[in-house]
Amino acid sequence: MTAHRPKDLYSFLGFISNPFESNTAEREPQIASYAVRPPYLDRTTQASHIGRGIFVLDGARGSGKSATRLTIAKSIWQETGARPLVVALTNFNIFRPYIRGGLTLDLFATQVAFLTIETILSWLSSLPKIEADARIAKIDNLGKKLIEQFTSNFFLNRADNARSTTAQETYDLLNVSLQNKAELWVEKRWDQVSTVIAGLAATLGKKYAEVDIGDPDSYAALLRNQQTSGFSDPQYVFARTVEVARLFGFSGVLVQIDKIDETDWTTTSVPAAGQLIFPILSNIGLHEIDGLSWSVFAWDKVTKHLISTFREQLRFDKIQRGSISWEPIYLEGLIQKRLEHFSSGTISQLQQISVDGTDISTILRELIELTGQSPRQLITALDAVVSEHAQRNQSVLKRLDKFAFERGMDIYAVRSLTDNGLIDDARQIAKLGTASFVTKDVQSLLRQSVQSARARIDKWVSELQLVELSGTRQTASTGRPIDEFSISDPRVLRVLSRKL
């Protein structure tokens, strides 16, 4: 009898599926089974329970900020005692029409109030109807009056299509966080869940004219309506938001702000991403509202930009802050846990799926350096390694070799730069033929004026974050030293060294 031949590379290597296929916490429902405890998880969890103030956790892209946020949200929802209502502010498209004129606290207050009601209604819809009705019945008449005003002003008057924009994100978060759920939630019948939410909203408030908050004229009218109902000041709105949450048994509200650099207008612009959270960070009064906590999960380049640009306006001496940084030993542990999980415990090291003699320790150092010590990017790069190897060896399955790792890293470097719209600039920088250069080198390459060459370098440094000012270089003349720049992005260095 002939032995059973594995159908694909992954089963040949001993895996039940590709261990590096997904790199995003939101898309990995079983991530708790193989995740490495993120740095600063305990500190961020503690800050989430204080009941006032703001905590900023920054880190490189893919360092685990969203995984930390989701882990904390899930743990809070599963607590049995007094706990804050977790509200996720992760979608900023509604703010876009107001970016040019500058974001105001009114916008944030209106959106956070809306998300709070949306989260409460979604949570109520996840409960058995008799329990949801009982919780509403416990609220006294004064409290019900506030809830009616709040639901009417901040939820029911929002256009239906605008409500659907954030609803699915709220459902997904609660679905993985709540332990006991109504049948509609267990079966993920979101259309019926939406119907239940609409019924609850109608019970708790009154619907007036629908408003599109993305239209500045409509939003101005909405603000006037809110002011008529007594919600005239954003700080007052935030305070009443906490009060509404407490009427339903929560200790307060925890607003988790994330993904500020993942909109189409902020992904390649650090200043634009910083603009999204500046109003929250700069208004210290918000940090003193009892029961209102803020957790901001930010790209570290954004916080550095804010600190250097608005040193006098941002009181970081009053803002708690932490930074995620992954040591290589933790990243190696991350790989080990994935290998074990997807092989049912039979594989724990990359060496086991590589040909004899492959220098895995050196390759791991190169991978970690190339991916900027980012867990997400490390998994993405390993996926490129394994997937490319699988494509090239479909007829004869074999273990990974040095060429597979090198080829995968090349593909990762080019693909990630391309996905971020940076490949043309990366290749232009690589044409200089050196990792360090001065303005004159760029001027000669582009055949442009000194001013144009320096403007191009400034773009590479400030906007694209591919190059950094590394020092000065003494010229042959007796003049002052000139600025010297170096490639700071390891992907660009690979494009240079490997002639990609």
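The values are calculated or read from the model by the stated rules, or taken from the named source; none is laboratory data. From a predicted model like this one, the values you see are computed outputs, not experimental measurements. All Cβ positions, even for glycine, are placed from backbone atoms using ideal geometry, and neighbour counts span all protein chains on display. These area figures cover heavy atoms from the full protein model, side chains too; ligands, DNA and RNA do not enter into them. Shrake-Rupley method; radii C 1.70, N 1.55, O 1.52, S 1.80 Å.
Within the stretch 68-79, which residues are part of a helix (DSSP H, G or I) and either in contact with a strand residue (DSSP E or B) (Cβ under 8 Å, 6 or more places away or on another chain) or free of Cβ contacts under 8 Å to residues at least 60 places away in the same chain (or both)?
Those that are part of a helix (DSSP H, G or I) and either in contact with a strand residue (DSSP E or B) (Cβ under 8 Å, 6 or more places away or on another chain) or free of Cβ contacts under 8 Å to residues at least 60 places away in the same chain (or both): 68, 69, 71, 72, 73, 75, 76, 77.
What pairs can you find where one residue is in the stretch 322-350 and closer than 18 Å to residue 67 by Cβ, the other is among the acidic types (Asp, Glu), and their Cβ atoms are less than 8 Å apart, with a gap of 6+ or different chains?
Close Cβ pairs (under 8 Å, with a partner that is among the acidic types (Asp, Glu)) amount to 322/58; 323/58; 323/300; 324/58.
Kindly provide the set of residues from the stretch 212-259 that are out of contact with any Lys or Arg (no Cβ under 7 Å at 6 or more places or on another chain), under 14 Å from residue 108 (Cβ atoms), polar (S, T, N, Q) and open to solvent by less than 60 Å² (accessible area, probe 1.4 Å), ordered by number.
Correct list: 226, 241.
Within the set of pairs 6 or more residues apart or between chains, which connect a residue that is under 14 Å from residue 305 (Cα atoms) inside the stretch 264-292 to a residue that is part of a helix (DSSP H, G or I) and open to solvent by less than 10 Å² (accessible area, probe 1.4 Å) with Cβ atoms less than 6 Å apart?
Pairs that qualify, where the first residue is under 14 Å from residue 305 (Cα atoms) and the partner is part of a helix (DSSP H, G or I) and open to solvent by less than 10 Å² (accessible area, probe 1.4 Å), are 266/273; 270/302; 273/302; 274/302; 274/306.
Could you list, in sequence order, all residues of the stretch 450-500 that are part of a loop (DSSP other than H, G, I, E, B), at pLDDT below 90 and within 19 Å of residue 421 (Cα to Cα)?
Passing the criteria: 464, 465.
Applying the selection to the stretch 34-68, what residues are among the charged types (D, E, K, R) and open to solvent by 10 Å² or more (accessible area, probe 1.4 Å)?
Those that are among the charged types (D, E, K, R) and open to solvent by 10 Å² or more (accessible area, probe 1.4 Å): 37, 42, 43, 52, 61, 65.
Which one of 382, 378, 364 is more than 23 Å from the chain's Cα centre (by Cα) and assigned to a helix (DSSP H, G or I)?
Just one listed residue meets the conditions, 364.
Looking at the structure I just gave you, is residue 418 more than 25 Å from residue 327 (Cα to Cα), free of Cβ contacts under 8 Å to residues at least 40 places away in the same chain and assigned to a helix (DSSP H, G or I)?
Against the criterion (more than 25 Å from residue 327 (Cα to Cα), free of Cβ contacts under 8 Å to residues at least 40 places away in the same chain and assigned to a helix (DSSP H, G or I)), residue 418 qualifies.
When the residues of the stretch 273-302 are filtered to those that are polar (S, T, N, Q) and touching a helix residue (DSSP H, G or I) at 6+ places or on another chain (Cβ under 8 Å), which remaining residue is surrounded by the fewest Cβ atoms within 10 Å (Cβ to Cβ)?
In this case the residue turns out to be 283.
Tell me which helices (runs of 4 or more DSSP H) are completely within the stretch 192-310 and hold 1 or more residues being hydroxyl-bearing (Ser, Thr, Tyr) and within 26 Å of the chain's Cα centre (by Cα), or say none if there are none.
The helices (runs of 4 or more DSSP H) meeting that bar are 234-247, 270-282, 300-309.
Can you find a residue that is assigned to a helix (DSSP H, G or I), of a type in the set (A, V, I, L, M, F, W, C), open to solvent by 50 Å² or more (accessible area, probe 1.4 Å) and within 30 Å of residue 304 (Cα to Cα) anywhere in the stretch 389-409?
No.
What residue, of 450, 467, is without any contact (Cβ under 8 Å) to a residue 60 or more places away in the chain, buried (at least 17 other Cβ atoms within 10 Å of the Cβ) and in contact with a Ser or Thr (Cβ under 9 Å, 6 or more places away or on another chain)?
Selected residue: 467, the only one of 450, 467 that is without any contact (Cβ under 8 Å) to a residue 60 or more places away in the chain, buried (at least 17 other Cβ atoms within 10 Å of the Cβ) and in contact with a Ser or Thr (Cβ under 9 Å, 6 or more places away or on another chain).
Residue under question is residue 325, and the condition is that it be assigned to a loop (DSSP other than H, G, I, E, B), open to solvent by 60 Å² or more (accessible area, probe 1.4 Å), closer than 26 Å to residue 417 by Cβ and at pLDDT below 90; does it hold?
yes
Which of the residues belonging to the stretch 80-98 are in a loop (DSSP other than H, G, I, E, B), of a type in the set (Val, Ile, Thr) and open to solvent by less than 30 Å² (accessible area, probe 1.4 Å)?
90
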